[in-house]
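The values are calculated or read from the model by the stated rules, or taken from the named source; none is laboratory data. Computed from a predicted structure; not experimentally measured. Heads up, the Cβs are rebuilt from the backbone with ideal geometry, glycines too, and the neighbour counts pull from every protein chain shown. Note: areas computed on protein heavy atoms with side chains; ligands, DNA, RNA excluded. Shrake-Rupley method; radii C 1.70, N 1.55, O 1.52, S 1.80 Å.
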Amino acid sequence: MTPDLTAVSSTADPSTTLTADVVVVGGGAAGLAAAIALGRSRRSVVLVDAGEPRNAPAEGAHNVLGQEGISPLELLARGRAEAEAYGVRLVSGRVTGASGVVDSFTLEIDGAPVASTTQQVTARRVILATGLVDELPDVPGVAQAWGHTVLHCPYCHGWEVRDQRIAVLATSENALHQVMLFRQLSDDVTLFLHDAPEPTEEQWDQLAALGVRVVTPRVERLVVDGTQVRAVEVEGGRSFAVDAVAVGPRFIARTELYEALGGEKTLSPFGEQIVADPRGATAVPGVWVAGNSGDLMAMVAAAAASGVMAGAAVNGDLAVADLARAVAERRAPFSAAMESEVALAVAGDRRHGL
């Protein structure tokens, strides 16, 4: 799959090269939360987004405190309105290139299909909230029902398929973890080994203890009606009626911009990501990450929280830099007037004569 690098409507002058304290790439929960945190600190922020959120197929976002079940697109629309209220400039487009160093980054933007949109943003700091791509099993029917009755996260969508007939389509040893979690939601769980290795003796015992059926032939296809899975068909033509299918995608973070800025992506058992500290700072000075770019498992609320943390960290970093620059500018050139100001500030009303 070709990674999508970027944010939705443009509120900026399309003919102008934008300059900002911070450019945020990606307008999902993480990117918007970061932009809002910065906007509330009166930082100038440009957020660039291609308008292709990962969770767009889902009917609702879950475990979002106070917004349980909200449409993902409605959640983002509210977030964009909040960001604009704090002065964040939203730019439609796909970031196709990035260069520069701390205090002097340049991002190139392809604004297609809108003609004559902003082509460049320069900024002192960069937050990459570019998310990830779900690399799905190459089984007919999986993509068609993805985000509806083909699921991967029991916390995001498990409640909605509780007590139903759930199939776990295994592509690695991680499938046994999914079996355990989805078995908590339904008594009717079937493991289709497909591409996964043969379970160990201990794992066979665990599956038997959970009452999970195991089907060993490879899966040929999912029988899907619209977005509703009806059955899993295996080699030999046998079909098993199910209501939902759990899969384990490989999570591929969009790391192209990070690599263009001198960073290196990191491989994990679940995919590829950008490594950062708890507040989102990466190994590249001036570059932060938020959301699934740096945490493959982050759900909507966790992604938003990481965005707030990254936004606060970037604001703090800029505040330190601003203070150092202000001190340096005040000290050069030295003058008697400057020294008098310092004495006045230190002595206050204790100065001679008062």
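A few points about this structure:
Quick grid of which residues meet (1) assigned by the TED database to the domain that holds Leu176; (2) open to solvent by 50 Å² or more (accessible area, probe 1.4 Å); (3) at positive phi:
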position: Leu193; (1), (2), (3): yes, no, no
position: Glu201; (1), (2), (3): yes, yes, no
position: Trp204; (1), (2), (3): yes, yes, no
position: Ala208; (1), (2), (3): yes, yes, no
position: Gly211; (1), (2), (3): yes, no, yes
position: Val214; (1), (2), (3): yes, no, no
position: Arg218; (1), (2), (3): yes, yes, no
position: Val229; (1), (2), (3): yes, no, no
position: Val234; (1), (2), (3): yes, no, no
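Table: residues versus (1) in the same structural domain as Pro269 (by the TED database); (2) open to solvent by less than 10 Å² (accessible area, probe 1.4 Å).
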residue	(1), (2)
Ala85	yes, no
Arg89	yes, no
Gly93	yes, yes
Thr122	yes, no
His148	no, no
Ala167	no, yes
Thr171	no, no
Arg183	no, no
Ser186	no, yes
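- Flag if Phe182 is part of a strand (DSSP E or B) and of a type in the set (Phe, Trp, Tyr): no
- Count of residues meeting criterion [open to solvent by less than 10 Å² (accessible area, probe 1.4 Å) and in contact with a helix residue (DSSP H, G or I) (Cβ under 7 Å, 6 or more places away or on another chain)] in region 50-76: 1
- Residue within region 271-288 that is modelled with pLDDT of 95 or more, more than 20 Å from the chain's Cα centre (by Cα) and open to solvent by 30 Å² or more (accessible area, probe 1.4 Å) present: yes
- Apart from one condition, Thr6 fits all of (1) modelled with pLDDT of 95 or more; (2) of a type outside the set (D, E, K, R); (3) part of a loop (DSSP other than H, G, I, E, B); (4) surrounded by 24 or more Cβ atoms within 10 Å (Cβ to Cβ); the exception is (1).
- Listed here are the strands (runs of 3 or more DSSP E) enclosed by region 190-287 that have at least 3 residues being β-branched (Val, Ile, Thr) and closer than 27 Å to Trp159 by Cβ: 219-225.
- Subset of region 188-206 (residues that are of a type outside the set (A, V, I, L, M, F, W, C) and under 15 Å from Asp138 (Cα atoms)): His194, Asp195
- Selection from region 22-49 of residues that are in a loop (DSSP other than H, G, I, E, B) and surrounded by 21 or more Cβ atoms within 10 Å (Cβ to Cβ): Gly26, Gly27, Gly28, Arg43
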